[in-house]
Structures are given as C-alpha cells and as structure tokens.
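Scroll down for the structure; my scribbles are underneath it.
Each reported figure results from applying straightforward, stated rules to the coordinates on display, with no laboratory input. Given the structure is predicted, the values throughout are model-derived calculations rather than measurements. Every residue, glycine among them, receives a Cβ derived from its backbone with ideal geometry; neighbour counts consider all protein chains shown.
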Amino acid sequence: MSTSGTALTHQLFINGCSVPSSDLSSSPLINPANGETIATVSNGSAEDIDSAVKAADAAYRGAWGAMKPGDRATALRNLAAKIRENVEELALLETKSVGKPLSSSRGEVGYAAKVYEYYAGLIPSVCGQTVPISANGTGLTFREPLGVCGLIVPWNFPIVILAWKLAPALAMGNTVVVKPAEWTPLTAIRLGELAIEAGIPAGVINIVPGLGPVAGAALSAHPQVRKISFTGSTATGSAIMKACADDIKRVSLELGGKSPSIVFADADLEKAAGSVMSIYDNTGQDCCGRSRYLVERSIYAEFVERFVANSRAVKIGDPLDADTEIGPLASTIQWNRVDGYVKQGVAEGAQLCTGGGRPTAEQFAAGSYYEPTVFANVKPGMTIAQMEIIPFDSETEAVEIANGTPYGLAASIWTRDVARALRVVRAVEAGVISVNSSSSVHLEMPFGGFKQSGIGRELSPAAMEQYSEVKSVFISAE
Ligand code: NAD
C-alpha cells in the first residue's frame with residue numbers, strides 16, 4: 001500500500017511485494033453507502049499477470065512445492081489466525097467497498113478463517129490407493145497438485161469466495177494468482193500481506209486487481225496457468241471457458257442462478273413466508289438468492305400478504321449501524337441494473353406489491369440504496385429478475401416452473417410431507433437444495449450448480465479434487 005496523494009493507493013501484490021501496475025494505471029474505489037472515494041487501486045495489465053504467474057510458478061517449483069504436507073497445514077492455520085487477529089480491519093474494508101452491514105462482514109471474515117482451518121485439517125486425508133490389477137505387479141495412485149491456478153472472484157462475497165478457492169488450492173500444494181473484482185480488491189490484497197506474516201512463502205499467493213477484460217482475460221489465456229477457478233456471471237464464465245479451451249486448462253465455474261423456493265399448502269406458512277432474507281440478504285446480491293417463490297394457489301393470497309409485510313419490515317440503512325439488515329447495492333452500476341429490471345417487470349404487467357425504487361429518506365440520497373421489492377402475479381416467461389411470487393396448481397407444475405430457467409444453482413422446498421419433499425428434491429435440477437430452510441452453504445457439503453449455473457463443486461473434500469490430478473502408477477513384479 002502507498003500513501004502518495006490524498007487517497008490511499010493499494011497496489012498489486014506480486015512475489016511478496018506491493019508493486020505498481022506496469023502501465024501505472026489505477027481506478028478509484030467508491031463507497032456505495034455514500035458515494036465517497038475510499039481508495040485508489042492499481043489496475044494490473046497483461047504484463048503484470050505474466051510477472052505474477054512467473055512468481056507463482058517459481059514458488060510452486062521452489063519453497064512451496066518442497067514444503068511437507070504437515071507444514072502446509074500449519075501455514076494455513078497460521079493464516080486463519082492472522083485473519084482472526086485482523087477481523088475488524090478486514091470487515092471494515094469489506095463493508096466500505098461492498099456496502100454490506102458491518103455485522104455481516106465480521107461474520108464473513110470469521111467464516112473465511114474457518115475455511116482455511118477446515119482445508120488445513122483435510123491435508124492428511126489426501127491419499128492415493130493400492131489397486132488390485134490384472135497384471136503381474138502393483139497398481140498405485142497418487143493425487144498431485146496442478147501447479148499455478150488462476151482464481152477469479154466476484155464482488156458480492158469477496159473474502160468468502162476467495163477462501164473457497166484459495167484454501168483447497170493451497171492445501172493441495174498449488175500456488176495462485178488471484179484476480180479480485182474491480183470494486184472489491186482490498187481484502188484480497190490485505191490477505192496476500194497477511195499470508196507472508198503467516199509464513200506462506202513469497203510468490204505462493206499473488207494478487208493482481210484490474211479490469212476483467214484485461215487482467216482476467218490475460219490470466220485465463222496464460223499458457224503457464226494450469227487451471228482457472230471462476231465465480232461470476234454466466235456470460236463471463238462462458239468467455240473464460242472459451243479462453244481455457246486453447247490449451248486445455250482445467251476450469252471450474254460458479255455462475256448465476258434464479259433459484260426457486262417452492263411452497264406447498266401444507267408447509268409451515270409462518271416459517272416459509274418469514275424466509276425473506278433468502279432473497280434480501282447481501283442486498284439481494286447472493287447467487288443462491290431465492291428470487292422466485294412458487295406458491296400453491298390455495299395459500300397464494302395469504303402467502304403474498306405475509307411475505308410483503310415481512311419484506312416491509314426489513315431494516316435498510318447505513319451498513320455501519322448495528323441494526324441495519326441490508327445496506328446499499330454494491331455500486332451504481334448494480335443500482336441501474338436492478339432498477340431496469342423493476343421497470344421491465346412493471347411494463348410486463350406484473351403486480352408491484354412493495355418497493356420499486358430508492359428509499360425516500362434524505363440519508364439514502366447519496367448511496368446506491370434500493371428498497372426490498374416484491375412482484376406478485378408473475379407469469380412464467382416474464383423477464384423480471386426481482387423477488388417474484390408465482391402461483392402453481394400441482395406438484396408437477398411446480399417442478400416444471402422451477403426447472404424452467406437455464407440455471408440450476410439452488411432451491412428450497414417447503415412442505416411437511418416427507419415423501420413429497422424427496423420426490424421434488426430428486427426432480428428439481430439444482431446443485432444445492434434445502435427442505436424447510438433456505439440455507440444453501442455448508443462448509444462440509446459440496447456446493448455448485450447444474451446447467452448454466454456452473455461446472456465443478458466448491459467446499460467439502462470435493463474441492464480438493466478440483467485442484468489436483470490423479471496419477472496412476474504400475475510397478476512391475478517381473
Ligand atoms: P462478472 O462475471 O462480471 O465478474 C466476475 C469476475 O470476473 C470479476 O473479477 C471480473 O473482473 C472478472 N471478469 C470480467 N470479465 C472477464 C473476462 N473477460 N475474463 C476474465 N475475467 C473477467 O460477474 P458480476 O456480474 O460482477 O458478478 C456477479 C455474478 O456472480 C452474479 O451473476 C452472481 O449470481 C454470480 N455469483 C455466483 C456464485 C456461485 O457460487 N455460483 C457466487 C457469487 C456470485
């Protein structure tokens with residue numbers, strides 16, 4: 001970090017050092033809660049990506065590659081401890097750049113520390129097999145790291161999603177180049193510094209903030225990068241997959257969703273209609289957000305009434321206030337995107353039940369705040385992308401509507417009928433499903449999407465497979 005000029009300048013972090021970008025370009029970072037510039041950040045170029053990849057490759061072939069698994073586990077635990085020691089600083093950086101309530105940021109920083117500890121704990125379980133084979137000799141398998149991995153992360157859960165990728169990548173013995181999102185690189189840069197303090201050698205973690213089509217594209221196309229792990233929009237995921245095709249890079253993608261919550265008439269209505277934070281959490285900017293409620297027609301009117309009342313009760317406010325439940329959207333770009341969808345919903349004839357614009361109080365004028373917004377009487381096929389409540393008449397129809405998008409990330413099913421719950425769980429095309437809950441993410445469970453919501457799984461031991469190759473060895477007995 002350098003302090004020249006008025007705003008702090010955060011630089012790239014390559015080979016254990018803060019460095020300016022090769023072309024000296026930088027961008028201001030704006031606090032979405034008040035429109036103020038909080039920092040200036042260097043924008044990495046293709047040349048900077050190349051330097052970072054070379055540093056990561058040297059660390060892979062050097063200190064990190066030579067480190068014993070037990071020492072790697074200690075290094076990851078030390079990093080978790082460093083994160084906990086700096087929770088207030090990291091949480092404030094996250095809140096000022098994403099706009100999420102400080103209490104949420106504190107929780108996410110603490111959760112990120114747990115992710116590093118979890119993968120440190122899995123390191124001793126990475127074993128090969130001795131395989132009975134039909135030949136005169138012995139068959140063995142080894143699980144090997146890939147080399148340099150490129151991690152491209154979005155702006156909605158910056159420190160959490162980085163941990164989901166970085167922890168298993170390091171646990172398996174890889175080194176990395178991280179491309180954080182344009183609006184939210186600060187916690188990633190700070191994490192690079194903390195890793196050095198934790199005893200992780202220089203070059204193992206390199207952080208190159210910058211523009212997606214420049215730094216992100218250069219990372220995806222770099223011939224020395226063995227794998228790209230990406231979280232973000234489906235359109236960018238498709239572009240990255242094409243870039244990775246040229247040299248057959250491994251690729252895993254966590255992409256968008258339009259996840260349904262299916263509420264049957266026998267459900268605990270209070271619980272189902274009380275699950276409003278399943279869409280408003282993180283100001284609606286959660287890939288698993290249940291943005292389509294499919295509700296059995298016999299309880300539709302009552303459900304809408306309860307859901308709208310609960311939506312109106314959500315406390316929108318300054319992210320630094322302790323009782324704020326949702327802060328602003330992460331940027332004015334996001335605000336305009338959301339507002340465009342709301343206008344489109346109204347134009348298509350959906351019934352706007354609550355919200356639909358910026359809250360009127362003076363305190364919200366300078367930030368990118370948006371009211372919790374609910375549409376009712378939405379018909380399948382309308383293109384709105386806010387909170388929608390859609391009626392259905394049968395289980396078959398509910399499943400048909402649930403599966404009627406190109407996405408398949410998450411889903412919830414609300415019913416007291418266990419047999420129905422299991423039938424619908426199997427029929428819904430989604431990677432992460434909860435019954436009588438909207439909880440999507442569990443550290444010990446695989447997380448990822450069906451269809452255009454992605455390829456591969458994060459979290460759980462499954463993530464270790466995404467950062468390794470299996471090697472088969474035959475030792476002749478002759
Ligand atoms: P985005 O795809 O525009 O950006 C994500 C990242 O990709 C950023 O770091 C960006 O700089 C980079 N990028 C952009 N263009 C690139 C290119 N051509 N090559 C390489 N990198 C490039 O995504 P967004 O709209 O800013 O992020 C929000 C999206 O992320 C939403 O669609 C959300 O649903 C999704 N998301 C998914 C998950 C999941 O786990 N499935 C989690 C969080 C967010």
| message | From the phi angles alone, apply the Karplus equation (6.51, -1.76, 1.60; θ = phi - 60°) to segment 274-290 and give each ³J(HN,Hα) in whole Hz, x where the residue is Gly or Pro. | response | x, 8, 5, 6, 5, 10, 8, 4, 6, 6, x, 9, 10, 4, 8, x, 7
| query | What nm distance separates the two modelled labels at Thr396 and Asp417, each placed 7 Å from Cα along Cα→Cβ? | reply | 1.4 nm
| field | Hits among aspartates and glutamates - C-alpha to C-alpha of Lys471 under 14 Å, sequence gap 8 or more where chains match | value | Glu144
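What ranking of Val425, Val470, Val314 emerges when the number of other C-beta atoms within 10 Å of each C-beta is taken as an exposure proxy, fewest first?
Val470, Val425, Val314
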| task | Could you list, in their original order, any pairs among Lys271/Lys379; Lys179/Lys249; Lys165/Lys227; Lys54/Lys179; Lys68/Lys114; Lys165/Lys249 whose Cα atoms are separated by more than 20 Å? | result | Lys271/Lys379; Lys68/Lys114
| field | Residue-averaged [θ]222 nm for the chain, counting only DSSP H segments that reach four residues, each worth -39500 (n - 2.57) | value | -11000 deg cm²/dmol
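Lys and Arg at +1, Asp and Glu at -1: add these up for the other residues within a Cβ distance under 14 Å of Tyr369 and post the number.
-3
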| field | FRET efficiency estimate (nearest 0.05) - Cβ-Cβ, Asn136 to Ala245, R0 41 angstrom | value | 0.50
| said: Going Cα to Cα from Lys100, which lysines come in below 18 Å? Please leave out same-chain ones fewer than 8 positions away. | reply: Lys315
| note | Expected sort for 341-354, 206-219 on mean C-beta neighbours within 10 Å, highest first, is 206-219, 341-354
| Projected onto the charge dipole of the chain (+1 at Lys/Arg Cβ, -1 at Asp/Glu Cβ, origin at the Cα centre), which of Ile161, Ala322, Val87 gives the Cα projection farthest towards the positive end? | Ile161
| said: Taking a ≥ b ≥ c as the square roots of the Cα gyration tensor eigenvalues, with a/c under 1.5 meaning rounded and otherwise prolate when a/b beats b/c, else oblate, which class fits segment 289-375? | reply: oblate
| request: Evaluate the charge dipole of segment 1-97 about its Cα centre and quote only its size in Debye, nearest 20, assuming +1 on the Cβ of each Lys and Arg and -1 on the Cβ of each Asp and Glu. | output: 480 debye
| request: Restricting things to alpha carbons, tell me how big segment 99-205 is in terms of Rg and Dmax, in Å. | output: 17.5, 63
| What is the antiparallel percent of DSSP beta bridges lying wholly in the chain, to the nearest 5? | 45 percent
| query | How large is Rg over Rh for the chain, taking Rg from the Cα atoms and Rh as the Kirkwood inverse mean of 1/r across Cα pairs? | reply | 1.00
| remark: Each label sits 7 Å from Cα toward the beta-carbon; between Ile333 and Gln363 the label points are separated, in nm, by 2.9 nm
| task | Could you pull the Cα extents of segment 91-154 along its three principal axes, largest to smallest, in whole Å? | result | 64, 23, 14
| query | How would you order 444-450, 415-421, 394-400 from highest to lowest mean count of nearby Cβ atoms within 10 Å? | reply | 444-450, 394-400, 415-421
| Suppose every K and R has +1 on its Cβ and every D and E has -1 on its Cβ; what is the size of the dipole of the chain about the Cα centre, in Debye to the nearest 20? | 760 debye
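Sort Ser453, Ser298, Ser460 so the one with the fewest other Cβ atoms within 10 Å of its own Cβ comes first. Working shown, then result.
Numbers: Ser453 28, Ser298 12, Ser460 17.
Arranged by neighbour count, lowest to highest, Ser453, Ser298, Ser460 become Ser298, Ser460, Ser453.
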| note | For the chain, whose charge dipole is built from +1 on Lys and Arg Cβ atoms and -1 on Asp and Glu Cβ atoms, the candidate among Ile389, Gly192, Phe303 with its Cα farthest towards the positive end is Gly192
